[in-house]
Amino acid sequence: MSKFLSRWHNSIEDKVVDSSMMVDEVEFCSPLVYKPIIGVEMVTKYLVAANDVLNNPHFKYISEFTDEKKACLVFETKLDDVEVTGIDLIEWNNEDKMVKLSVFIRPFSALTKVGEQMSMKLTEIS
């Protein structure tokens, strides 16, 4: 496992968003926002909210596909009575810093539930 991926898994396990793992112009493609979110400050804000919403006792990575500087991490979690399946598609550079994160969520009912809870969480932390 790469150094970056090991740090990512540790941060998920510790429920911590570590902005030192990101390049300054990191790009986050959210399933809820049309345009990519750019920059450490805004990406950190969204990831803190996502961590609070998705990284609950039901959260677990169930599959992982890796390349030299990319990983596709398949996760499952549950929000209230809604089963959520998703993918974290992560790219990092030679300095082991994340350059891009794209998140995909299914089914639509799960995406809707995540959107509702993310909206509330982002309002709280703004």
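None of the figures in this text is laboratory data; all of them are computed from the coordinates on show. Small disclaimer: the values here were computed from a predicted structure and weren't measured. Don't worry about glycine lacking a Cβ; one is built from the backbone with ideal geometry, like all the others, and counts go over all protein chains shown.
Tabulated data for the structure shown
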| quantity | calculated |
| --- | --- |
| Net lengthening on full extension, Glu91/Val33 (0.36 nm per residue, minus Cα-Cα) | 19.0 nm |
| Sites Val23 and Val82 - FRET efficiency at Förster radius 25 Å, r taken between beta-carbons, to 0.05 | 0.15 |
| Rounded tilt (10° steps) of 108-125 against the dominant C-alpha axis of the chain | 80 |
| Rounded tilt (10° steps) of 40-54 against the dominant C-alpha axis of the chain | 50 |
| Alpha-carbon centroid distance for the pair the range 1-52 / the range 55-71, whole angstrom | 13 |
| Virtual spin-label span in nm between Ser2 and Tyr61, 7 Å along Cα→Cβ | 1.2 |
| Under 5 Å, built H, 5+ apart or other chain: amide partners of His58 | Lys78 |
| Only Lys, Arg (+1) and Asp, Glu (-1) charged, at Cβ; the range 3-111 dipole about Cα centre in debye | 120 |
| Between 0 and 90°, nearest 10: helix 3-14 axis offset from the chain longest Cα axis | 30 |
| Alpha carbon convex hull of the range 3-111, volume per residue in cubic angstrom | 93 |
| Residue (of His9, Met98, Thr112) at the positive-pole extreme of the chain, dipole from beta-carbon charges | Thr112 |
| Neighbour cut-off at most 16 other Cβ (10 Å), DSSP loop, GluC sites (Glu not before Pro), the range 42-126 | Glu68, Glu95 |
| Relative contact order [Cα under 8 Å, 6+ residues apart], the range 41-125, whole percent | 25 |
| Mean residue ellipticity (222 nm) of the chain, computed from DSSP H runs ≥ 4 via -39,500 (n - 2.57), nearest 500 | -11500 deg cm²/dmol |
| Karplus (6.51, -1.76, 1.60) ³J(HN,Hα), θ = phi - 60°, over the range 63-72, in Hz, Gly and Pro reported as x | 7, 8, 10, 10, 10, 4, 9, 9, 8, 10 |
